[in-house]
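Peer 1: What follows is a structure written as structure tokens; I'll ask about it next.
Any read-out appearing in this document is the output of simple, stated calculations on the displayed coordinates, not a laboratory observation. None of these values were measured; they are calculated from a predicted model. All Cβ positions, even for glycine, are placed from backbone atoms using ideal geometry, and neighbour counts span all protein chains on display.
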Amino acid sequence: MEIIPILNGPIPTDVWAHETHAPNGALAKSAAPWEPWLQKIAEYQHLGDDWDGAGAKAPSLELVESAVGLAHLLRDREMLPPARVAPGIDGTILFEWQFPDGTYAEIEVVRPLFAEVMVIEPGKPARHWTLPTE
Amino acid sequence: MDEHDPVDEGEFVYRRIPPVYCDLGLPIPIQREAFRPSANDDTGLSVFRANFAQPRDTLVNVDPAKAKDYFVARLLVSDLVKLGLTVKPDPLPAGPPGHAVIPELSWPVYQANKQNLKPILVELAKLASAAIVHVPT
């Protein structure tokens, strides 16, 4: 699964931060075919607390910018766009991939410039690591 | 039958699913985040026993403007047990009826054991995706 080597590759803090704080701002850059997802993530900056009607916490602007920056970084590495992005109930942002062979992968940006990765391949235990890698 | 009675493994429970966590166009429509405990879930993740409530009943204490967009999924308790989870009665005086909790998915337990529990949330999402019993009207 091509996503795995890309996710497993080095994602240094300075590279992620560069994408997040690009001259025009990460929220302003274009990146088809990730574009619909980038727009969706950018919209999360307008979520308020209790956005789900059940007490969910809204992501901070800094976290939204980090998620957009990470998306640009992954797009630049020609990673497939996610199957879904979603705000977490605790102010995080999730990227999710589902593959025909049953592989499931996700990145959860849990705070600015920090994310948790989980990959579950059929018949194998889940693998976890964090970003940035260095 | 009383809401305080122990939950049988043959029972079904309902879990309400915010619309942002359900995309019917995906192989696994429900996102695992729909099963992640919030800070309010101090004793366990909320579910509702199907013996006491209809799927729509589970939405009565969600903001009405948002409840209309919610989905509801059904889970077999024995499937939860296979994942190492239990369901304990936790009736709410103000309803909805049949409230119960999954103590292994309380906020403090999840925070302490997130890495091990995330794959279980994915399994819950798969089970729930196979039995979406209420869709927004």
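Peer 1: Rg(Cα) of the stretch B:5-62 divided by 2.2 N^0.38 Å? If you can, show how the numbers build up before the last one.
Peer 2: Working: Rg = 12.8 Å, N = 58, 2.2 N^0.38 = 10.3 Å.
Dividing the Cα radius of gyration by 2.2 N^0.38 Å gives 1.25.
Peer 1: Here's something else I'd like to know. Rounded to the nearest angstrom and ordered from largest down, what semi-axes does the equivalent ellipsoid of the protein assembly as shown get from its C-alpha gyration tensor (root of 5λ)?
Peer 2: Semi-axes from the Cα gyration tensor: 34, 20, 16 Å.
Peer 1: Taking one equal scatterer on every alpha-carbon of the stretch A:90-129, how large is log10 of I(q)/I(0) by Debye at q = 0.28, 0.35 1/Å?
Peer 2: Debye intensities relative to I(0), on a log10 scale: -0.91, -1.14.
Peer 1: From zero up to wherever the largest Cα-Cα distance of chain B sits, split into 10 Å bins and tell me the percent of pairs in each.
Peer 2: 13, 46, 36, 5
Peer 1: About its Cα centre, how strong a charge dipole does chain A have in debye, to the nearest 20, once Lys and Arg get +1 and Asp and Glu get -1 at the Cβ? List each step's numbers first, then the result.
Peer 2: On the way: 9 positive and 20 negative charges, 27 e Å.
The calculation lands at about 120 debye.
Peer 1: Right, next: If you bin the C-alpha pair distances of the stretch A:3-131 every 5 Å from 0, what whole percents do you get?
Peer 2: 2, 11, 22, 24, 20, 12, 7, 2, 0
Peer 1: If you don't mind, there's one more thing I want to ask. Would you please put B:10-22, B:111-123 in order of how densely packed they are, using the mean number of other Cβ atoms within 10 angstrom per residue and starting with the highest?
Peer 2: On the way: B:10-22: 20.9, B:111-123: 16.5.
For the peptides B:10-22, B:111-123, the packing ranking is B:10-22, B:111-123.
Peer 1: Which residue, A:Gly102, A:Ile41, A:His18, has the largest displacement toward the positive end of the dipole of chain A when charges sit on each Cβ (Lys, Arg +1; Asp, Glu -1)?
Peer 2: A:Gly102
Peer 1: Could you list which residues have their amide H under 5 Å from that of A:Thr130, counting only those 5 or more apart in sequence or on another chain, with H placed in the peptide plane?
Peer 2: Result for A:Thr130 returns A:Val117.
Peer 1: Further question: Quick one: net charge of B:Lys66's neighbours, Cβ under 14 Å, K/R +1, D/E -1?
Peer 2: -3
Peer 1: Provide the net charge surrounding A:Pro87, with neighbours chosen by a C-beta distance below 10 Å and charges set as Lys +1, Arg +1, Asp -1, Glu -1.
Peer 2: -2
Peer 1: So, in nm, how far is label B:Thr43 from label A:Arg77 when the simple model puts each one 7 Å beyond its Cα toward the Cβ?
Peer 2: 4.5
Peer 1: Moving on. Mind putting a number on the dipole of the stretch B:12-134 about its Cα centre? Charges go on the C-beta only, +1 for Lys and Arg and -1 for Asp and Glu, and I need it in Debye to the nearest 20. Can you show the working numbers first?
Peer 2: Values: 14 positive and 11 negative charges, 35 e Å.
For the stretch B:12-134, the charge dipole is close to 180 debye.
Peer 1: If you don't mind, there's one more thing I want to ask. For the protein assembly as shown, with only Lys/Arg (+1) and Asp/Glu (-1) charged at the beta-carbon, what is the dipole magnitude about the Cα centre, in debye rounded to 20?
Peer 2: The calculation lands at about 280 debye.
Peer 1: So, one more: Which far-off residues, 5 or more places away or on another chain, put their amide H under 5 Å from the one on B:Gly44, with H placed in the peptide plane?
Peer 2: Sorted by chain and number, the residues that satisfy this are B:Trp107.
Peer 1: Follow-up question, since we're still on this one. Roughly how many nanometres apart are two label points built 7 Å out from the Cα toward the Cβ at B:Asn116 and A:Glu121?
Peer 2: Simple spin-label model gives 2.5 nm for this pair.
Peer 1: Only helical DSSP H runs with n ≥ 4 go in: add -39500 (n - 2.57) per run for the protein assembly as shown, normalise by residue count and round the 222 nm mean residue ellipticity to 500 deg cm²/dmol.
Peer 2: Per the formula, -7500 deg cm²/dmol.
Peer 1: Scan around A:Asp50 for amide H atoms under 5 Å from its own, H built in the peptide plane at 1.01 Å from N, and keep only partners 5 or more places away or cross-chain.
Peer 2: The answer is A:Gly55, A:Ala56, A:Lys57, A:Ala58.
Peer 1: Rounded to the nearest 0.05, what FRET efficiency do A:Leu61 and B:Asp5 give with R0 = 45 Å and r taken as the Cβ-Cβ distance? Could you check?
Peer 2: Calculated value: 0.40.
Peer 1: Add +1 for every Lys or Arg and -1 for every Asp or Glu among the other residues with Cβ under 13 Å from the Cβ of A:Pro10, and state the total.
Peer 2: Within the 13 Å Cβ shell, the charges total -1.
Peer 1: Relative to a virtual label point 7 Å from the Cα of B:Val81 in the Cα→beta-carbon direction, which members of the stretch B:116-137 show backbone nitrogen distances below 20 Å?
Peer 2: Zone members listed by number: B:120-121, B:123-125, B:127-128.
Peer 1: How far, in nm, would the chain grow between B:Leu26 and B:Lys68 when pulled straight, counting 0.36 nm per residue and subtracting the alpha carbon separation?
Peer 2: 13.0 nm
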